[in-house]
Amino acid sequence: MTDDLDATELAHLRRAIALSVSARERGNHPFGAILVTDDGRILEAENTVLTDRDVTCHAETNLVRLAGRELDATELMASTLYTSCEPCAMCAGAMFWAGIGRMVYALSGTGLIALAESGEDGRELDLPSREVFARGSQRVVVSGPHLEDEAAEPHRGFWG
């Protein structure tokens, strides 16, 4: 499902996927995210759960922390967050509270669960980001999944 994304947006999504590869190479879970402001500024983050020994250091949450320090509320609302995988409920909540107006993701949450079935401890939280955002009082535009095969690649062999 890439029909509604232009070449620039696909490049942003591929950059998020590249960050997921980088995260894995650094010994972390394979997730990456970027935030693009309305004026073209780009912020990047990757998952650091294992190296920081902090379960909240998902790529999107790390990016929300960075964006909150560097951007004001108006800039956040006009920004798009591109992520290698559909955000978990924690990350979707952080994005909502930060006021980020749009999110584009690659690998779906159900796709990730299928890849991680034999994963670390067998725990899964199957709560789609659209459901989290739908409960909020402010609209977050969601687009995805896109480039699922490309986004799945860094996860192959990781969770088993």
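What figure, in Å² to the nearest 10, do you get for the accessible area of Cys91 with a 1.4 Å probe and non-protein molecules left out?
About 0 Å², rounded to the nearest 10.
Highest mean first, what order results for 12-18, 138-144 on Cβ atoms within 10 Å?
12-18, 138-144
Can you send over the carbon and sulfur percentage of the accessible area for the chain, probe radius 1.4 Å, protein chains only?
Its accessible area is 50 percent carbon and sulfur atoms.
In percent, what relative contact order does the chain have, based on Cα pairs under 8 Å that are 6 or more apart in sequence?
The normalised contact order for the chain reaches 22 percent.
To the nearest 20 debye, what charge dipole does the stretch 15-67 have about its Cα centre, counting +1 at the Cβ of each Lys and Arg and -1 at the Cβ of each Asp and Glu?
My answer is approximately 140 debye.
The stretch 54-154: which GluC sites (Glu not before Pro) are DSSP loop and have at most 15 other beta-carbon atoms within 10 angstrom?
Filter output for the stretch 54-154: Glu117, Glu120, Glu124.
Short version: ³J(HN,Hα) in whole Hz for each residue of the stretch 14-31, in order, from phi by Karplus 6.51 cos²θ - 1.76 cosθ + 1.60 (θ = phi - 60°), x for Gly and Pro, what are they?
5, 5, 4, 5, 4, 5, 5, 5, 4, 4, 4, 4, 8, x, 10, 5, x, 9
The values are calculated or read from the model by the stated rules, or taken from the named source; none is laboratory data. These figures come from a predicted structure and were not determined experimentally. Because the Cβ atoms are built from the backbone with ideal geometry, glycine has one as well, and the counts that use them run over all protein chains shown. For accessibility, only protein heavy atoms count, side chains too; no ligands or nucleic acids. Shrake-Rupley method; radii C 1.70, N 1.55, O 1.52, S 1.80 Å.
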